[in-house]
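None of the figures in this text is laboratory data; all of them are computed from the coordinates on show. Keep in mind it's a predicted model, so treat the numbers as computed, not measured. Counting neighbours? That spans all protein chains shown, and the Cβs are built from the backbone with ideal geometry, glycine included.
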Amino acid sequence: MEQFDMEMQRDRFLHIFDTRIGEREGKEALRDWLISDECDFFTAPASTKYHGNYDGGLCEHSIDVYEMAVRLEELYREDIRKQYLVLNRPYDREQFLESLAVAALFHDLCKVNFYKTRISGRNISYAVDEQLPFGAHGGKSVYVLSKFLKDLRDEEAIAINCHMGFSRGVDSTISIGESFRYSPLAWIVHVADEAAVFMLDRGTSDV
Ligand SMILES: [Fe+2]
Ligand SMILES: [Fe+2]
């Protein structure tokens, strides 16, 4: 596993946040919260014993998903454009890329203030210590993000809510396939999340 510097990861994340997300209502409040002591986004793990189960794993995973999503967008660029034509909805690539950044960077925001560290001798482990028992994974990320970002777009919310795809149906009462048919963005973010978990060496491969 590659070693990394948590401060460097935080700076990488904030650089993407600052440069890939335009003027959005609540963007500054969201940034202030992310870097505040009330939020452990940059130090939290991404899981207790699976991928990113180390300090800073959540931030690293979120960047990984963003970068995978950018690669997928490049690969499927023309198909995405055609799919919006089929869907009879306007397609603006710049806006799509901004939404891709929002959804990828914050798809696992539900994991903020979610884990606690246990230290036993030289061993560090993590346990779930839920501060906000919302009752859903993607849905909680949407909820937390929408407390700051007041103009969250429908497709951003769908992409975050459905990012677990077929592996967990609890976040959706309709078919996940219906969400992916409606939103190419949601499908890209889901596949990017899977790719970040299973194609990169970030601890045990599990979501
Ligand atoms: Fe997730
Ligand atoms: Fe994830």
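One table, with the values for the structure above:
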| read-out | value |
| --- | --- |
| Helix 6-20 axis, angle to the chain major axis (alpha carbon atoms, nearest 10°) | 20 |
| For region 73-83, 3J(HN,Hα) per residue [Karplus equation, 6.51 cos²θ - 1.76 cosθ + 1.60, θ = phi - 60°, Hz, x = Gly/Pro] | 4, 5, 5, 9, 3, 5, 5, 4, 4, 5, 5 |
| Stretchable slack from Asp37 to Ser175, in nm (0.36 nm times residue separation minus alpha-carbon distance) | 45.8 nm |
| Over the chain: helical MRE at 222 nm, DSSP H runs n ≥ 4 each giving -39500 (n - 2.57), nearest 500 | -16000 deg cm²/dmol |
| Fully extended contour minus Cα-Cα distance, from His15 to Ser146, at 0.36 nm per residue | 45.1 nm |
| J(HN,Hα) series, region 186-191, from Karplus relation 6.51 cos²θ - 1.76 cosθ + 1.60, nearest Hz, glycine and proline x | 4, 5, 4, 5, 4, 5 |
| Packing-based ranking, highest mean first, of 197-203, 76-82, 138-144 given that Cβ atoms within 10 Å are counted | 138-144, 197-203, 76-82 |
| Residues whose placed amide H lies under 5 Å from that of Tyr115, excluding near-sequence neighbours | Asp129 |
| Residue-wise HN-Hα coupling along region 114-122, computed from phi with Karplus coefficients 6.51, -1.76, 1.60 (Hz; x: Gly, Pro) | 10, 10, 10, 8, 10, 10, 10, x, 8 |
| Label-point separation, Asn123 to Met6 (7 Å along Cα→Cβ), nm | 2.1 |
